[in-house]
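Worksheet: the structure to be examined is printed underneath.
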Amino acid sequence: MAFPSGDDASTDWWRSAVIYQIYPRSFADSDGDGVGDLPGITSRLDDLEHLGVDAVWLSPFYRSPQHDAGYDVADFCDVDPLFGTLEDFDAMATRAHDLGMRVIVDIVPNHSSSDHAWFQAALAAGPGSPERARYIFREGKGEGGELPPNDWRSVFGGPAWTRVVEPDGALGQWYLHLFDSSQPDLDWTREEVRADFDDILRFWLARGVDGFRVDVAHGLVKAPGLPDYTVEQRAAAAEGDPAAQSPHFAQEGVHEIWRRWHDVVAEFGPDRILVAEAWVQPLTRMAHWVRPDEMHQAFNFAYLMTAWDVAELREIIDDSLSSFGSVGAPSTWVLSNHDVVRHATRLALTAPNPQGHGLGPDSPGLPQVDHGIRRARAATLLMLALPGGAYLYQGEELGLPEALEIPGDARQDPTWARTQGERFGRDGCRVPIPWEADAPAYGFSPSGDSWLPQPADWAPFARDSQRGRESSTLELYRAALGLRKAHGLGTGDLTWVDAAEGVLALDNGDVRVVANVSGDDIPLADLSGEVLIASEELDGALPADTTVWLRRG
Ligand code: GLC
């Protein structure tokens with residue numbers, strides 16, 4: 001069932017929407033197997049409507065052997081039995097639409113699972129076959145082809161190539177996988193690959209989805225000839241040298257695919273959208289993904305990666321509004337997702353932690369839990385005041401910190417195994433979320449099972465512990481979302497206001513936002529206007545790590 005829409009305002013819904021990411025494995029488990037599922041989601045949608053979000057985005061629930069938590073898709077047009085059935089999907093989407101929330105699903109075009117029928121056929125058919133041409137198979141280097149075709153590295157660690165055993169039993173070609181070896185990259189120079197994905201998009205659009213979050217939208221196209229990407233080039237790229245561009249990400253050729261997808265999505269109405277997950281820098285380049293005939297939105301990872309620092313925040317907010325604005329797109333804002341350390345821990349870390357490395361109990365620079373949560377609440381209140389769209393990740397509305405105490409043998413992110421435990425990976429932000437303080441698995445699962453262990457001290461974070469409690473993080477989010485809507489902040493304009501050192505102040509419509517990032521206490525008497533909401537209780541002053549919204553006088 002499609003979302004009932006039609007007028008111009010509903011066509012543009014995404015320009016200012018707050019979109020809530022559901023990570024299905026960890027949201028709500030209805031059948032007690034310890035893994036969340038679609039009926040579980042359906043049963044909890046009322047809570048999201050109560051929170052006040054405009055849409056949900058679901059991470060993959062497709063058929064998959066789950067080597068990368070479902071981002072290894074074995075059938076793009078079916079639901080994995082772990083999560084339910086296509087009928088369960090329809091029931092979930094119908095319920096969300098009835099509650100006034102749009103539904104966005106993930107699509108993973110850079111690679112398939114090695115279990116996908118396409119890849120199995122490619123293995124069976126052997127070198128030179130049309131089946132192999134769907135993927136990126138190459139002969140190895142060295143006398144016996146024993147060396148990988150080039151020096152590319154997997155994002156999860158280790159080489160990006162794996163050698164196969166040919167149908168005749170001999171060691172043979174290598175295939176490319178920018179992620180896990182169970183995620184072979186598709187060859188997007190092939191028209192059959194493009195045509196198949198057009199059909200996959202249409203399949204879900206016809207089922208009523210309102211859009212797609214496009215996984216690895218900077219991938220897909222590789223530089224012709226698959227040239228090496230040397231250590232020196234990688235280092236130069238990390239320093240921001242545009243000439244040292246990766247041969248496997250952000251290739252110019254990807255844009256014609258997004259123009260084609262734009263047209264497919266538009267067949268189903270002007271209110272269906274594409275959202276790019278593209279780790280591209282700088283933002284002026286990222287903006288190419290959201291030109292008027294390409295995607296609608298892109299995740300603003302530059303904002304997510306920004307430290308809790310006045311100068312850096314101001315610069316990234318300006319850059320975001322001008323870069324996306326230069327192509328007529330709204331900016332988006334995001335602080336957490338299933339790939340990064342939760343912002344209730346990340347923003348208060350005092351040691352560097354590169355994206356994807358994750359945290360363990362003895363990692364350097366870990367903050368006090370309360371300090372991290374306080375900072376996260378202030379950061380969220382700043383984010384929700386900015387014009388554009390915002391993305392929330394399940395559990396952040398509960399103030400959840402990163403889960404640190406996950407034993408090695410319980411860790412599931414392929415990063416952990418592929419780096420022999422050197423990087424913890426992303427499990428710490430993926431732990432099933434708590435609903436009820438006193439129920440088994442905190443109400444996540446009726447059996448008490450949970451695919452990743454939940455911390456023993458999460459009862460105070462449970463939704464039922466927070467609901468109706470004025471000072472709780474849940475009620476802070478709910479009130480902020482209501483005020484954001486009532487004051488039109490998502491569609492507003494931002495003007496900076498002079499402020500003391502360590503303080504960020506801005507006006508958006510009739511709301512003044514003051515974030516005391518690191519400055520001295522500001523007496524409330526110095527701030528004119530009625531307090532609409534504050535991230536902490538104000539005792540005559542706005543202390544550091546606190547944000548307030550005031551009604552401008
Ligand atoms: C994206 C997803 C991540 C996944 C990867 C490979 O970055 O967000 O979770 O592991 O793509 O599909």
*Quick one: accessible surface of F156, probe radius 1.4 Å, all protein chains present, in square angstrom to the nearest 10.*
10 Å²
*Going from most exposed to least, what order do K485, K222 have by accessible area with a 1.4 Å probe?*
K485, K222
*Considering only DSSP beta bridges with both partners in the chain, what is the antiparallel share in %, to the nearest 5?*
60 percent
*³J(HN,Hα), Karplus 6.51/-1.76/1.60, whole Hz, each residue of segment 315-325, x for Gly, Pro*: 5, 6, 5, 4, 4, 5, 5, 7, 5, 5, x
_Would you calculate the convex hull of the Cα atoms in segment 361-488 and tell me its volume per residue in Å³?_
132 Å³
*If you build the Cα gyration tensor of the chain and take the root of 5 times each eigenvalue, what three semi-axes come out, in whole angstrom, biggest first?*
38, 25, 25
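If eta is 1.306 mPa s and T is 10 °C, what Stokes-Einstein diffusion coefficient results for segment 231-342, Kirkwood Rh from Cα pairs, in µm²/s?
Working: Rh = 15.2 Å.
Stokes-Einstein gives a translational diffusion coefficient of 104 µm²/s.
Suppose accessible area is computed on protein heavy atoms with a 1.4 Å probe; arrange E166, E256 from highest to lowest. If you can, show how the numbers build up before the last one.
Details: E166 20, E256 105 Å².
Per-residue accessible area, sorted high to low, gives E256, E166.
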_For G492, what residues show an amide H to amide H distance below 5 Å, using hydrogens built from the backbone and excluding near sequence neighbours?_
G388
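Write down the Å³ per residue value for the convex hull defined by the alpha carbon atoms of segment 143-268. Can you show the working numbers first?
Working: hull volume 19.1 nm³, N = 126.
Spelled out: Cα convex hull of segment 143-268, divided by residues, is 151 Å³.
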_Overall Cα dimensions of segment 332-377 - principal axes, largest extent first, Å_ = 33, 24, 14
*Take S465, S447, S323 and sort them by solvent-accessible surface of the protein heavy atoms, 1.4 Å probe, largest at the top.*
S447, S465, S323
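Of the listed peptides 173-179, 334-340, 186-192, what is their order by residue-averaged count of other C-beta atoms within 10 Å, with the highest listed first? Kindly include the intermediate steps, with their values, before the conclusion.
Details: 173-179: 23.9, 334-340: 22.3, 186-192: 16.3.
My ranking of the peptides, most packed first, is 173-179, 334-340, 186-192.
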*With θ set to phi - 60°, apply the Karplus curve 6.51 cos²θ - 1.76 cosθ + 1.60 along segment 156-169 and write out the HN-Hα couplings as whole Hz, x wherever there is a Gly or Pro.*
8, x, x, x, 8, 10, 10, 8, 9, 8, 6, x, 7, x
*asked:* With every protein chain kept in place and ligands, DNA and RNA left out, what is the accessible area per residue of the chain? Probe 1.4 Å, answer in Å².
replied: 37 Å²
*With each run of n ≥ 4 DSSP H residues scored as -39500 (n - 2.57), what mean residue ellipticity at 222 nm is computed for the chain after dividing by its residue count and rounding to the nearest 500 deg cm²/dmol?*
-7500 deg cm²/dmol
*Return one number: the angle in degrees, 0 to 90 and rounded to the nearest 10, between the long axis of the Cα atoms of helix 38-51 and the longest principal axis of the Cα atoms of the chain.*
30 degrees
*What does the highest-first list of 361-367, 244-250, 144-150 look like by mean Cβ count within 10 Å?*
244-250, 144-150, 361-367
*With θ set to phi - 60°, apply the Karplus curve 6.51 cos²θ - 1.76 cosθ + 1.60 along segment 432-447 and write out the HN-Hα couplings as whole Hz, x wherever there is a Gly or Pro.*
x, 7, x, 9, 10, 4, 9, 9, x, 6, 6, x, 5, 9, x, 8
_Run the Debye formula on the Cα coordinates of segment 10-134, all scatterers equal and no solvent, and tell me log10 I(q)/I(0) at q = 0.11, 0.13, 0.18 1/Å._
-0.44, -0.58, -0.93
*Which whole-number percentage describes the relative contact order of segment 142-256, with Cα contacts under 8 Å and a sequence gap of 6 or more?*
19 percent
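Let me check against my output: what whole-number percent is the relative contact order of segment 302-435, with C-alpha pairs under 8 Å and at least 6 apart?
Details: 189 pairs, mean separation 38.1, N = 134.
Rounded, it is 28 percent for segment 302-435.
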*asked:* Need one word for segment 178-218: rounded, prolate or oblate. Basis is the Cα gyration tensor (sqrt eigenvalues a ≥ b ≥ c); a/c below 1.5 gives rounded, then a/b vs b/c decides.
replied: oblate
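The values are calculated or read from the model by the stated rules, or taken from the named source; none is laboratory data. Please read these numbers as outputs of a predicted model, since none were measured by experiment. Counting neighbours? That spans all protein chains shown, and the Cβs are built from the backbone with ideal geometry, glycine included. Calculation scope for accessible area: heavy atoms of the full protein, side chains included, ligands and nucleic acids excluded. Shrake-Rupley method; radii C 1.70, N 1.55, O 1.52, S 1.80 Å.
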